1. Within 14 Å, Cβ to Cβ, of T118, how many net charges do the neighbouring residues add up to if Lys/Arg are +1 and Asp/Glu are -1?
2. For the chain, with all protein chains present and a 1.4 Å probe, just round the carbon and sulfur fraction of the accessible area to a whole percent.
3. Once you sort the root eigenvalues of the Cα gyration tensor of the stretch 68-163 as a ≥ b ≥ c, which label holds: rounded (a/c under 1.5), prolate (a/b larger than b/c) or oblate (the other case)?
4. With viscosity set to 0.890 mPa s at 25 °C, what whole-number translational diffusion coefficient in µm²/s follows for the chain from Stokes-Einstein and a Kirkwood radius over Cα pairs?
5. Measure nothing fancy, just the Cα-based angle from helix 2-43's long axis to the longest principal axis of the chain, in degrees from 0 to 90, nearest 10.
6. Under a 5 Å amide H to amide H cut-off, with H placed in plane at 1.01 Å, what residues pair with S97 once short-range neighbours are removed?
7. What is the magnitude of the charge dipole of the chain about its Cα centre, with +1 placed on the Cβ of each Lys and Arg, -1 on the Cβ of each Asp and Glu, and no other charges, expressed in debye to the nearest 20?
8. Name the long-range amide H neighbours of R77: under 5 Å, sequence gap of 5 or more, or other chain; modelled H, no Pro or chain starts.
Amino acid sequence: IAATLLGIAVGDLRAMIRQQQLRTAVGDLFGAIDLTRSHAIALGRRVHIVPTAGEWRDGWTVFVDEDGDGRPSAADRLVSVHGPLAEGIAVSSTFTSPATPDYISYNGGGRSCSHASTMAARWGTLSLSVDGQVRRIKINMLGRARACDPARDGASCTGPEAP
(Lines give C-alpha, C1' and ligand atoms only; values in the text may rest on other atoms or scores of the structure.)
Protein backbone atom coordinates (compact mmCIF):
# COMPACT_ATOMS: atom_id res chain seq x y z
CA ILE A 1 0.00 0.00 0.00
CA ALA A 2 2.80 2.39 0.91
CA ALA A 3 4.59 1.76 -2.40
CA THR A 4 1.39 2.45 -4.37
CA LEU A 5 0.76 5.69 -2.48
CA LEU A 6 4.38 6.72 -2.94
CA GLY A 7 4.15 6.05 -6.70
CA ILE A 8 1.04 8.23 -6.98
CA ALA A 9 2.63 11.00 -4.90
CA VAL A 10 5.82 11.01 -7.01
CA GLY A 11 3.79 11.32 -10.22
CA ASP A 12 1.79 14.22 -8.81
CA LEU A 13 4.94 15.88 -7.51
CA ARG A 14 6.60 15.64 -10.95
CA ALA A 15 3.55 17.22 -12.62
CA MET A 16 3.51 20.00 -10.02
CA ILE A 17 7.22 20.69 -10.54
CA ARG A 18 6.81 20.84 -14.35
CA GLN A 19 3.84 23.19 -13.99
CA GLN A 20 5.88 25.48 -11.72
CA GLN A 21 8.81 25.40 -14.16
CA LEU A 22 6.45 26.51 -16.95
CA ARG A 23 5.02 29.28 -14.76
CA THR A 24 8.55 30.45 -13.93
CA ALA A 25 9.64 30.41 -17.59
CA VAL A 26 6.60 32.45 -18.65
CA GLY A 27 7.18 34.90 -15.79
CA ASP A 28 10.87 35.30 -16.63
CA LEU A 29 10.27 35.85 -20.36
CA PHE A 30 7.30 38.16 -19.71
CA GLY A 31 9.44 40.17 -17.28
CA ALA A 32 12.24 40.45 -19.86
CA ILE A 33 9.80 41.67 -22.51
CA ASP A 34 8.46 44.25 -20.04
CA LEU A 35 12.03 45.27 -19.17
CA THR A 36 12.80 45.72 -22.87
CA ARG A 37 9.78 47.98 -23.34
CA SER A 38 10.51 49.97 -20.17
CA HIS A 39 14.11 50.60 -21.20
CA ALA A 40 13.04 51.69 -24.68
CA ILE A 41 10.65 54.24 -23.15
CA ALA A 42 13.19 55.42 -20.54
CA LEU A 43 15.98 55.81 -23.11
CA GLY A 44 13.73 57.14 -25.87
CA ARG A 45 15.26 54.71 -28.36
CA ARG A 46 14.95 51.18 -29.72
CA VAL A 47 15.78 48.26 -27.43
CA HIS A 48 15.81 44.60 -28.48
CA ILE A 49 15.35 41.21 -26.86
CA VAL A 50 16.77 38.29 -28.82
CA PRO A 51 16.96 34.57 -28.11
CA THR A 52 20.32 33.03 -27.37
CA ALA A 53 21.65 31.04 -30.33
CA GLY A 54 18.34 31.67 -32.17
CA GLU A 55 16.25 29.65 -29.68
CA TRP A 56 14.17 31.22 -26.90
CA ARG A 57 14.49 28.06 -24.80
CA ASP A 58 18.28 28.64 -24.68
CA GLY A 59 17.77 32.03 -22.99
CA TRP A 60 17.71 35.63 -24.18
CA THR A 61 19.49 38.96 -24.09
CA VAL A 62 17.99 42.44 -23.70
CA PHE A 63 20.25 45.09 -25.23
CA VAL A 64 20.52 48.52 -26.81
CA ASP A 65 21.77 47.94 -30.35
CA GLU A 66 24.50 50.60 -30.59
CA ASP A 67 26.04 49.19 -33.79
CA GLY A 68 22.70 48.53 -35.54
CA ASP A 69 23.34 44.89 -36.46
CA GLY A 70 20.39 43.45 -34.52
CA ARG A 71 22.59 41.08 -32.49
CA PRO A 72 24.25 41.66 -29.12
CA SER A 73 27.95 42.40 -29.42
CA ALA A 74 30.76 44.12 -27.52
CA ALA A 75 29.71 47.49 -28.97
CA ASP A 76 26.16 47.20 -27.55
CA ARG A 77 24.83 48.10 -24.12
CA LEU A 78 23.63 44.90 -22.41
CA VAL A 79 20.62 45.38 -20.15
CA SER A 80 19.90 41.79 -19.10
CA VAL A 81 20.95 38.24 -19.95
CA HIS A 82 18.92 35.13 -19.05
CA GLY A 83 20.16 31.55 -19.20
CA PRO A 84 18.38 28.49 -20.58
CA LEU A 85 14.89 27.43 -19.54
CA ALA A 86 14.26 24.23 -17.59
CA GLU A 87 14.79 21.01 -19.54
CA GLY A 88 11.78 20.01 -21.60
CA ILE A 89 10.21 23.45 -22.00
CA ALA A 90 9.65 24.22 -25.67
CA VAL A 91 9.08 27.68 -27.14
CA SER A 92 7.60 28.61 -30.52
CA SER A 93 6.75 32.01 -31.91
CA THR A 94 4.80 33.69 -34.64
CA PHE A 95 5.04 37.38 -35.49
CA THR A 96 3.51 39.61 -38.16
CA SER A 97 6.84 40.03 -39.90
CA PRO A 98 8.77 36.77 -39.67
CA ALA A 99 12.46 37.30 -39.22
CA THR A 100 15.49 35.16 -38.79
CA PRO A 101 16.97 35.41 -36.28
CA ASP A 102 13.92 35.93 -34.09
CA TYR A 103 13.64 39.10 -31.98
CA ILE A 104 11.28 41.48 -30.20
CA SER A 105 11.98 45.17 -30.51
CA TYR A 106 10.48 48.29 -28.93
CA ASN A 107 10.88 51.88 -30.08
CA GLY A 108 11.28 54.90 -27.78
CA GLY A 109 7.49 55.27 -27.52
CA GLY A 110 7.11 51.73 -26.15
CA ARG A 111 5.58 50.32 -29.33
CA SER A 112 6.67 47.00 -30.75
CA CYS A 113 8.53 47.55 -34.00
CA SER A 114 10.55 45.82 -36.66
CA HIS A 115 14.33 45.89 -36.74
CA ALA A 116 14.19 47.68 -40.10
CA SER A 117 11.97 50.56 -38.96
CA THR A 118 10.87 51.97 -35.62
CA MET A 119 7.59 53.00 -37.29
CA ALA A 120 6.65 49.52 -38.60
CA ALA A 121 4.58 47.68 -35.99
CA ARG A 122 5.47 44.06 -35.24
CA TRP A 123 3.26 41.96 -32.99
CA GLY A 124 2.77 38.28 -32.30
CA THR A 125 2.77 35.42 -29.85
CA LEU A 126 5.29 33.27 -28.01
CA SER A 127 4.01 29.83 -26.92
CA LEU A 128 5.75 27.97 -24.11
CA SER A 129 4.85 24.34 -23.43
CA VAL A 130 5.77 21.33 -21.36
CA ASP A 131 4.01 17.99 -20.91
CA GLY A 132 0.91 19.13 -22.82
CA GLN A 133 0.52 22.39 -20.88
CA VAL A 134 0.70 25.60 -22.91
CA ARG A 135 1.04 29.22 -21.88
CA ARG A 136 1.30 32.12 -24.27
CA ILE A 137 2.71 35.63 -24.21
CA LYS A 138 0.85 37.83 -26.67
CA ILE A 139 2.25 41.18 -27.79
CA ASN A 140 -0.29 43.49 -29.40
CA MET A 141 0.22 46.10 -32.10
CA LEU A 142 0.96 48.80 -29.52
CA GLY A 143 3.57 46.65 -27.79
CA ARG A 144 1.57 45.69 -24.72
CA ALA A 145 2.30 42.12 -23.59
CA ARG A 146 -0.03 39.79 -21.71
CA ALA A 147 0.27 36.19 -20.58
CA CYS A 148 -2.59 33.76 -21.06
CA ASP A 149 -3.58 30.10 -20.79
CA PRO A 150 -5.42 28.75 -23.86
CA ALA A 151 -7.18 26.10 -21.76
CA ARG A 152 -8.66 28.81 -19.55
CA ASP A 153 -8.88 31.81 -21.89
CA GLY A 154 -10.01 30.06 -25.08
CA ALA A 155 -10.22 32.08 -28.30
CA SER A 156 -8.57 35.16 -26.76
CA CYS A 157 -5.38 33.13 -26.29
CA THR A 158 -4.64 31.76 -29.77
CA GLY A 159 -1.14 31.31 -31.07
CA PRO A 160 1.30 28.86 -32.59
CA GLU A 161 0.84 25.22 -31.75
CA ALA A 162 3.03 23.80 -29.03
CA PRO A 163 6.19 22.30 -30.52
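1. Result for the neighbourhood of T118: +4.
2. Carbon and sulfur atoms account for 58 percent of the accessible area of the chain.
3. Details: a/c = 2.26, a/b = 1.40, b/c = 1.61.
It comes out oblate by the Cα gyration axes.
4. 148
5. Between the helix axis and the principal axis of the chain, the angle is about 10 degrees.
6. Amide H neighbours of S97, under 5 Å, 5+ apart: W123.
7. Details: 17 positive and 16 negative charges, 110 e Å.
The dipole magnitude comes to about 520 debye.
8. Amide H to amide H, under 5 Å and 5 or more residues apart or across chains, R77 pairs with V64, E66.
The values are calculated or read from the model by the stated rules, or taken from the named source; none is laboratory data. Everything quoted here is computed from the prediction, not taken from an experiment. Ideal geometry is used to build each Cβ from the backbone, glycine not excepted, and the neighbour counts take in all protein chains shown. In case anyone asks, the SASA skips ligands and DNA or RNA and just uses the protein heavy atoms, side chains included. Shrake-Rupley method; radii C 1.70, N 1.55, O 1.52, S 1.80 Å.
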